[in-house]
Amino acid sequence: MSEKSFASLGLSAELMRAIEDAGYTQMTDIQAEAIPHILAGEDIIGQSSTGTGKTAAFGIPAIERLDMSETEDPQVLVLCPTRELAMQVSDELRKFSKYKEGVRIVAVYGGQNIDQQIRALKSSSIVVGTPGRVIDHLHRRTLDLRKVKYVILDEADEMLDMGFLDDIRYILGAVPEQRQTALFSATMPSPILRISQRFQKNPHHIKGDDGNTAFELIQQYYCEVPKNKKAGCAGLLFKQSGAHRGLIFCNTKVMVDILTRRLCEMGLAACSIHGDMRQGARTQVMSGFKSGKVNLLVATDVAARGIDASGVDIIINYDIPEDVDFYVHRIGRTGRAGNEGAAYTLIAGSGEFFDMANVQEKTGVQMKEYILEGIDELEEDKKRVVPEKKGSGGSDRGAKASADGKPMVLSIDVGSVHDITEEHIIESLTSNCRLRREDIAKIDIRENETRVTLPGDKAIAAEKAMIANNATVDDFLVICKIVK
Ligand code: ADP
Ligand code: MG
């Protein structure tokens, strides 16, 4: 935290009132350093560790500098790598703009109804969006960026990395040259800094100090586990740690899904989040996590970038991050706002030990060894990259049962912890199995499982079709089996 209060900035009364409502008194270091430069119209690169209030650092001056005699087209553009972050940032900005009359903050991201966005974009002051959807609106001519005076790239290193660079270049081509550009992130690798020169004019590179102290509040451990029990160990570690809310990182989407399933089998309320999921499901998962209904979120790096979920007291690196900077972003999801947190990196095999040592060397972090108790009693992880095919025993049993036409119960391995509703189940069964709604006699949604009662022959066909289709229920890859 900086010594300086927001009052020292000479902001408008409307903004000061909103800042007070948010409960902010003192500025963080990055805010104290960056806001005056931004108010003065200068370009900046704002670097400070996660959770140090970078959103307010770029957002407060953005709102302060809006010219309210212009209300037709946006004057500020904020670009974020994910939809969740775009939503979070727009919510945060609305907190500050609430007393300033006429300010309209519009979030645009994929997966959300585009017509609704088009309507909202007519008369917007600040647009917060993901590159893909912003480009979509530019193509449709439903977004005009010619009045934009100030552009912010949040999670800038991610945005200027290969995956997004062309998009950013395209979007900035639609914004006047005479503009202010601010980049914010916790990490700014030098190749990215070089690229950023193309988009900025004599930027001030500002580093907030809060970062170091935040990092110090996070206890960091590594934990050696057997390869064939690694997923189980992640669950065991969470249980043993006594943590309330955790984030587990995997390097791939497939691993995210497999691990989530294993954790649910262990009775944990775990959910996945990654880029292949539909927006509806992602939003549900995030709100479940933020409200505490889901206490373990399994994520890929990009999906969790910048997310501000309070009370995350444990981070588990299931996979060692592919990029050392990812490590910094991952563990920054805990230890926020002065709270303590712990980060654990699971190590299975000597290759991973070497990778972990590399992370330590590059970040200067000292990880302590953590010994996990009870690994011997843990079941081996099932090898379940694809759903198991039923053996002949299973179908025999089915054939007999169907002959006498008795109802059977199909078990699907998702339930209320995944925010599954009857509608999700019906949707999946009817689209994968040529079932009709009337065929479904009963749906019983339990915590980690849903039981569906069907006529015997339909149940057997449904079980087969769900397996053959790699069926999903509301984006969760599921395993189905007849249990009665
Ligand atoms: P970052 O982008 O640096 O990771 P965020 O902008 O997401 O951080 O902010 C992290 C949390 O800190 C948010 O919940 C935000 O409301 C809070 N916060 C930001 N600035 C302040 C401040 N000056 N005083 C108190 N809380 C703050
Ligand atoms: Mg942020």
All positions within the range 23-64 that are polar (S, T, N, Q) and within 15 Å of ligand 2 (Cβ to nearest atom): Thr28, Gln31, Gln47, Ser48, Ser49, Thr50, Thr52, Thr55
Kindly establish whether Ile307 is β-branched (Val, Ile, Thr), away from ligand 1 (no atom under 15 Å from the Cβ) and within 20 Å of Leu217 (Cβ to Cβ). no
Criterion: within 30 Å of Ala56 (Cβ to Cβ), part of a loop (DSSP other than H, G, I, E, B) and not assigned by TED's automatic domain parsing to the domain that holds Gly132 - qualifying residue of Gly267, Gly288, Gly275, Gly280: Gly275
Close pairs from the range 360-376: first in the same structural domain as Pro226 (by TED's automatic domain parsing) and touching a residue at least 24 places away in the same chain (Cβ under 8 Å), partner open to solvent by less than 60 Å² (accessible area, probe 1.4 Å) and in a loop (DSSP other than H, G, I, E, B), Cβ under 8 Å, at least 6 apart: Leu372/Val225; Ile375/Val225; Ile375/Pro226
Go through the range 1-120 and tell me which strands (runs of 3 or more DSSP E), entirely inside it, have 1 or more residues that are open to solvent by 10 Å² or more (accessible area, probe 1.4 Å) and over 29 Å from Ile331 (Cβ atoms). 105-108
Enumeration of residues in the range 457-484 that are free of Cβ contacts under 8 Å to residues at least 40 places away in the same chain and under 9 Å from Met408 (Cβ atoms): Lys458
Could you please tell me which pairs satisfy a Cβ distance under 9 Å, a separation of 6+ or placement on different chains, a first residue in the range 146-160 that is touching a residue at least 24 places away in the same chain (Cβ under 8 Å), and a second residue that is surrounded by fewer than 24 Cβ atoms within 10 Å (Cβ to Cβ) and basic (Lys, Arg)? Val148/Arg179; Lys149/Arg65; Lys149/Arg179; Tyr150/Arg65; Tyr150/Arg179; Val151/Arg179
Per the filter on the range 247-291, residues under 21 Å from Glu379 (Cβ atoms), touching a Leu at 6+ places or on another chain (Cβ under 7 Å) and in contact (Cβ under 8 Å) with a residue 60 or more places away in the chain are Ile248, Cys250, Asp257, Ala269, Ala270
Just one of the numbered conditions (1) assigned to a loop (DSSP other than H, G, I, E, B); (2) within 22 Å of Gly306 (Cα to Cα); (3) of a type in the set (Val, Ile, Thr) is not true of Val128; which one? (1)
Please go through the range 158-186 and pick out each residue that is within 13 Å of ligand 2 (Cβ to nearest atom) and open to solvent by less than 10 Å² (accessible area, probe 1.4 Å). Met159, Ala182, Leu183, Phe184, Ser185
Examine the range 214-223 for a residue that is farther than 18 Å from Ile315 by Cα, modelled with pLDDT under 95, hydrophobic (A, V, I, L, M, F, W, C) and crowded, with 20+ Cβ neighbours inside 10 Å, and state whether such a residue exists. no
Read through the list (1) part of a helix (DSSP H, G or I); (2) modelled with pLDDT of 90 or more; (3) hydrophobic (A, V, I, L, M, F, W, C), then give the number of the only condition that Val254 fails. (2)
Quick check on Phe249: is it within 16 Å of Tyr344 (Cβ to Cβ), of a type outside the set (Asp, Glu) and touching a strand residue (DSSP E or B) at 6+ places or on another chain (Cβ under 7 Å)? yes
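Residues Ala13, Ala22, Ala40: which one is away from ligand 1 (no atom under 11 Å from the Cβ) and within 14 Å of Ile63 (Cβ to Cβ)?
After applying the criteria, what remains is Ala13.
Results for (1) of a type in the set (Asp, Glu); (2) open to solvent by less than 30 Å² (accessible area, probe 1.4 Å); (3) in a helix (DSSP H, G or I); (4) modelled with pLDDT of 85 or more, shown as yes or no for each residue.
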{"residue": "Ala399", "(1), (2), (3), (4)": "no, no, yes, no"}
{"residue": "Ser402", "(1), (2), (3), (4)": "no, no, yes, no"}
{"residue": "Leu435", "(1), (2), (3), (4)": "no, yes, no, no"}
{"residue": "Met466", "(1), (2), (3), (4)": "no, yes, yes, no"}
Does the range 229-240 include one or more residues that are assigned to a loop (DSSP other than H, G, I, E, B) and either out of contact with any strand residue (DSSP E or B) (no Cβ under 8 Å at 6 or more places or on another chain) or open to solvent by 30 Å² or more (accessible area, probe 1.4 Å) (or both)? no
Filter the range 199-209 down to the residues that are in a loop (DSSP other than H, G, I, E, B) and at pLDDT 90 or above, then identify the one that is most open to solvent (accessible area, probe 1.4 Å). Asn202
Given (1) away from ligand 1 (no atom under 16 Å from the Cβ); (2) outside any strand (DSSP E or B), identify the lone condition not met by Asp157. (1)
Tell me which residues, restricted to the range 56-99, are over 26 Å from Phe164 (Cα atoms) and hydroxyl-bearing (Ser, Thr, Tyr). Ser69, Thr71, Ser97, Tyr99
Among the listed residues Thr260, Thr252, identify the single one that is closer than 18 Å to Asp301 by Cβ, among the hydroxyl-bearing types (Ser, Thr, Tyr), open to solvent by 30 Å² or more (accessible area, probe 1.4 Å) and out of contact with any helix residue (DSSP H, G or I) (no Cβ under 7 Å at 6 or more places or on another chain). Thr252
Which numbered condition Asp474 fails, given (1) buried (at least 20 other Cβ atoms within 10 Å of the Cβ); (2) at pLDDT below 85; (3) over 26 Å from Arg282 (Cα atoms): (3)
I'm checking my understanding of the structure. Among residues of the range 370-392 that are open to solvent by less than 100 Å² (accessible area, probe 1.4 Å) and at pLDDT 90 or above, which one is farthest from Tyr221 (Cα to Cα)? Leu378
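The values are calculated or read from the model by the stated rules, or taken from the named source; none is laboratory data. Treat the numbers as computed from the prediction; the structure is a model and nothing was measured. Counting neighbours? That spans all protein chains shown, and the Cβs are built from the backbone with ideal geometry, glycine included. Just so you know, the surface numbers come from the protein's heavy atoms only, side chains and all, with ligands and any DNA or RNA stripped out. Shrake-Rupley method; radii C 1.70, N 1.55, O 1.52, S 1.80 Å.
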